[in-house]
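**Student:** Sending over a structure as structure tokens; questions will come in a sec.
The values are calculated or read from the model by the stated rules, or taken from the named source; none is laboratory data. Computed from a prediction, not measured in an experiment: that's the story for all the values here. Cβ sites come from the backbone with ideal geometry, for glycine too, and all protein chains shown count toward neighbours.
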Amino acid sequence: MNIGLFIPCYIDQLYPQVGIATLQILERLGLSVTYPTNQTCCGQPMANSGFEHLTKDTSHNFVTNFSDFDYIVCPSGSCTLHIKDHLHDDANPDKAISIRKKTVELTEFLTDIIKVKNLDVHFPHKVGLHQSCHGLRGLGLAQMSELIAPPFSKPENLLSMVKRLELIDLERKDECCGFGGTFCVFEEAVSVKMGQDRVADHTVHGAEYITGVDMSCLMHLDGILRRQKSNVKVIHIAEILNSVTK
Amino acid sequence: MSPQNKTHAELADKFNRDVERVNWHDQTLWFVREKRDKAAHKIAEWEQLREAASQIKNNVLSNLHDYLVEFEQNALRNGIHVHWASNAQEHNEIVHSIIKKHNVAHLVKSKSMLTEECGLNEYLHQQGVEVVDTDLGERIIQLANEPPSHIVMPCIHWKKEEIGELFHQHLGTPKGNADPQFLTAAARAHLREHFLTSRVALTGVNFGIAETGEFIVCTNEGNADLGVQLADVHIACMGIEKIIPKRNHLSVFLRLLARSATGQPITTYSSHFQKPREGQEMHIVLVDNGRSERLASDDFRNALKCIRCGACFNTCPVYRRSGGHSYHTAVAGPIGSILAPSFDMKKNADLPFASTLCGSCTNVCPVKIDIHDQLYKWRQVLVKNGHTTASKKVEMNVMSQVLSHPMIYKFSGSVGRWVMRTLPFMVNNKFNPWYKQREMPEASTTSFNSWYQNNRKA
Ligand code: SF4
């Protein structure tokens with residue numbers, strides 16, 4: 001199985017440790033993973049702002065980099081969803097469609113494709129799981145509270161395999177954090193209030209760490225936590241799943 | 001933008017200055033969302049009901065013309081007068097002409113978002129006709145001279161103490177009395193007067209049934225019935241999308257409507273009106289007002305399925321923390337944000353951006369309207385039509401340049417983490433809205449790309 005590693009632009013630039021953790025998890029599973037070094041971004045920041053028409057070249061670059069893999073794995077629900085819903089390439093329409101189908105978010109990949117049953121990792125902390133909306137409602141990584149349907153959660157299931165990790169309960173287990181791409185600056189007041197409320201739900205319930213499948217939401221929550229001088233930290237789920245027992 | 005030319009973001013910013021109030025507003029509406037969840041969980045076939053409702057409405061929208069003609073024929077046969085209004089102005093004129101014929105100066109009205117959309121109260125006021133809203137919530141905001149902030153709970157932004165004060169001023173209740181039961185009784189006594197003296201009563205319509213020509217009005221207070229039963233003339237105003245084909249289909253919608261709206265199993269009153277009683281005159285005004293234009297649009301047609309339950313408001317994390325008035329339209333919230341731009345693109349260009357696209361609305365909606373996808377599509381339409389700022393255009397163009405050229409991307413990365421400069425929310429200065437209440441991400445010393453080249457590439 002030939003895996004292409006898609007590392008979203010802001011993870012590449014600001015959170016390389018998340019990319020490294022993702023790569024190491026996949027390598028430990030014995031998979032052959034390649035990171036195409038000319039990749040940039042999925043185009044979502046422009047498209048969600050109403051500028052989808054400006055994403056043509058970015059999308060073309062994406063297709064050029066990723067057409068040769070069996071799966072494309074990405075440690076972000078939001079960027080994965082954007083590729084799955086919107087990737088177009090006029091020069092290679094078929095390749096774009098095939099990439100849409102082959103792009104998989106990390107926890108989904110581990111659960112559904114690799115069918116991971118146990119992990120030799122430990123993380124002795126109280127952890128709150130922030131369910132990022134695009135992963136939750138867009139990719140269906142877990143059951144959303146709006147639907148009347150049986151519960152399941154791929155990220156939670158993986159976290160339950162982590163030794164000594166204690167997952168805390170939340171009051172509102174899948175409310176949006178208010179990041180929303182450029183929403184976070186154009187609607188600053190509401191964005192911050194949403195983030196503060198999410199943070200409060202985690203801290204009241206004793207979280208030491210807030211984790212999730214999207215570093216963008218976590219970056220927003222981290223900005224609020226640090227401004228509040230809180231001891232609570234954010235950590236991407238890949239970093240927890242890569243906490244190898246020494 | 002609002003009459004004061006304020007955007008949703010600006011009005012929401014103002015709303016958020018009173019943190020305690022925002023918390024109260026958020027919790028009040030979240031409580032309603034939780035009630036909805038409890039009610040829905042009691043129905044094992046909830047998701048099938050939603051699917052059935054969605055498909056019935058899809059069928060209606062694909063055959064709207066035929067159902068409307070069938071509805072009209074049956075209504076006429078039942079002795080109802082049927083009027084057609086192509087826009088808000090015509091609707092208002094038709095209603096006024098009926099009132100004029102009966103030579104009355106006031107009428108009672110029961111909840112109708114459509115008349116709100118058409119600005120009927122204001123129009124009639126200019127013609128010297130006084131409209132008294134008889135739903136408690138509607139009456140409260142009417143006394144306060146405010147538009148509704150929610151389609152089901154129009155005065156949800158008012159605290160009971162404030163209502164006590166308002167009633168003290170307008171209805172002479174004792175100062176400081178904020179007991180909900182007492183205030184409701186006071187409103188009832190005050191409204192009874194109007195019920196008894198109004199010869200014309202106006203209602204909205206929740207569902208019109210093509211096969212029988214009857215229409216259904218759902219209320220909790222019974223005020224629609226009281227008004228209509230006491231009046232000589234009943235005028236019902238109905239958007240053309242409110243049609244359903246058969247009486248049988250009604251059960252699907254009645255099971256969904258109140259549960260989605262407030263968590264009740266059903267509205268207290270679901271009144272069927274099929275023919276005028278002896279000596280009464282009954283009118284239906286069928287209103288288009290932009291609906292057939294929307295019907296022609298593949299991307300946005302689906303919004304016509306809305307049954308106005310308000311569930312998308314209660315679930316929306318942005319609505320709960322910005323209040324209905326920040327949307328500066330008759331219908332606020334997520335559904336308002338996809339309806340309003342088609343009425344006035346320029347004035348409402350901000351609304352599709354008043355969302356994180358979290359998708360909660362779409363999944364709570366009892367008729368499965370793809371609300372958050374339509375928000376995304378409206379953003380594209382608005383930008384293409386020039387409803388964006390010059391600075392945003394520049395930012396987006398720069399971003400597009402960097403992201404489509406791996407060499408520029410890597411180079412700008414290496415000289416200082418390009419995201420910090422390129423993404424509009426990453427500029428580290430006091431003018432940056434990110435930084436106002438959040439710390440910046442800490443700059444990383446390396447990118448993943450260069451780490452990979454150093455550690456993995458042969
Ligand atoms: S869009 Fe759906 S959830 Fe919102 S008011 Fe209409 S029917 Fe209810």
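**Student:** Say we look at region B:108-123 and pick out the residues that are hydroxyl-bearing (S, T, Y) and not in a helix (DSSP H, G or I); which of these is modelled with the highest pLDDT?
**Tutor:** Residue satisfying both the conditions and the ranking: B:S110.
**Student:** Right, another one. Scan region B:182-204 and give yes if some residue there is within 16 Å of the ligand (Cβ to nearest atom), within 12 Å of B:K111 (Cβ to Cβ), within 28 Å of the chain's Cα centre (by Cα) and not small (G, A, S), otherwise no.
**Tutor:** No, region B:182-204 has no match at all.
**Student:** Name the residues in region A:160-185 that are outside any loop (DSSP other than H, G, I, E, B), surrounded by fewer than 22 Cβ atoms within 10 Å (Cβ to Cβ) and either within 14 Å of another protein chain (Cβ to nearest Cβ) or in contact with a helix residue (DSSP H, G or I) (Cβ under 9 Å, 6 or more places away or on another chain) (or both), would you?
**Tutor:** A:L167, A:V185
**Student:** Please verify whether region B:130-149 includes one or more residues that are within 16 Å of the ligand (Cβ to nearest atom), of a type in the set (D, E, K, R), under 21 Å from B:L254 (Cβ atoms) and assigned by TED's automatic domain parsing to the domain that holds B:K242.
**Tutor:** No, that holds for no residue.
**Student:** Select from region B:37-75 the residues that are hydroxyl-bearing (S, T, Y) and within 24 Å of the chain's Cα centre (by Cα) and write down the one among them that is nearest to B:R294 (Cα to Cα).
**Tutor:** Per the criteria, the residue is B:S62.
**Student:** B:V285 passes all but one of (1) assigned to a strand (DSSP E or B); (2) modelled with pLDDT under 95; which number fails?
**Tutor:** Going through the list (1) assigned to a strand (DSSP E or B); (2) modelled with pLDDT under 95, B:V285 breaks only (2).
**Student:** Quick test for you: out of A:D12, A:D120, A:D94, A:D57, pick the one residue that is surrounded by fewer than 23 Cβ atoms within 10 Å (Cβ to Cβ) and within 14 Å of chain B (Cβ to nearest Cβ).
**Tutor:** A:D57
**Student:** Of the numbered conditions (1) out of contact with any helix residue (DSSP H, G or I) (no Cβ under 6 Å at 6 or more places or on another chain); (2) surrounded by fewer than 19 Cβ atoms within 10 Å (Cβ to Cβ); (3) facing chain B (nearest Cβ under 9 Å), A:G30 satisfies every one except a single condition; which is it?
**Tutor:** (3)
**Student:** To continue, here is another question. Tell me, please, whether a residue that is assigned to a strand (DSSP E or B), buried (at least 16 other Cβ atoms within 10 Å of the Cβ) and free of Cβ contacts under 8 Å to residues at least 40 places away in the same chain can be found in region B:80-91.
**Tutor:** No, because not a single residue in region B:80-91 is assigned to a strand (DSSP E or B), buried (at least 16 other Cβ atoms within 10 Å of the Cβ) and free of Cβ contacts under 8 Å to residues at least 40 places away in the same chain.
**Student:** How many residues does region B:305-359 hold that are within 15 Å of the ligand (Cβ to nearest atom), touching a Pro at 6+ places or on another chain (Cβ under 9 Å), without any contact (Cβ under 8 Å) to a residue 60 or more places away in the chain and assigned to a loop (DSSP other than H, G, I, E, B)?
**Tutor:** Of the residues in region B:305-359, 4 are within 15 Å of the ligand (Cβ to nearest atom), touching a Pro at 6+ places or on another chain (Cβ under 9 Å), without any contact (Cβ under 8 Å) to a residue 60 or more places away in the chain and assigned to a loop (DSSP other than H, G, I, E, B).
**Student:** Which members of region B:124-148 meet the condition of being in a loop (DSSP other than H, G, I, E, B) and either modelled with pLDDT of 95 or more or under 22 Å from B:Q181 (Cβ atoms) (or both)?
**Tutor:** Listed by number, the residues that qualify are B:Q127, B:G128, B:V129, B:T134, B:D135.
**Student:** Looking at region B:430-453, which of its residues are outside any loop (DSSP other than H, G, I, E, B) and either surrounded by fewer than 20 Cβ atoms within 10 Å (Cβ to Cβ) or under 41 Å from the mean Cα position of the chain (by Cα) (or both)?
**Tutor:** Result: B:P433, B:W434, B:Y435, B:K436, B:Q437, B:S450, B:W451, B:Q453.
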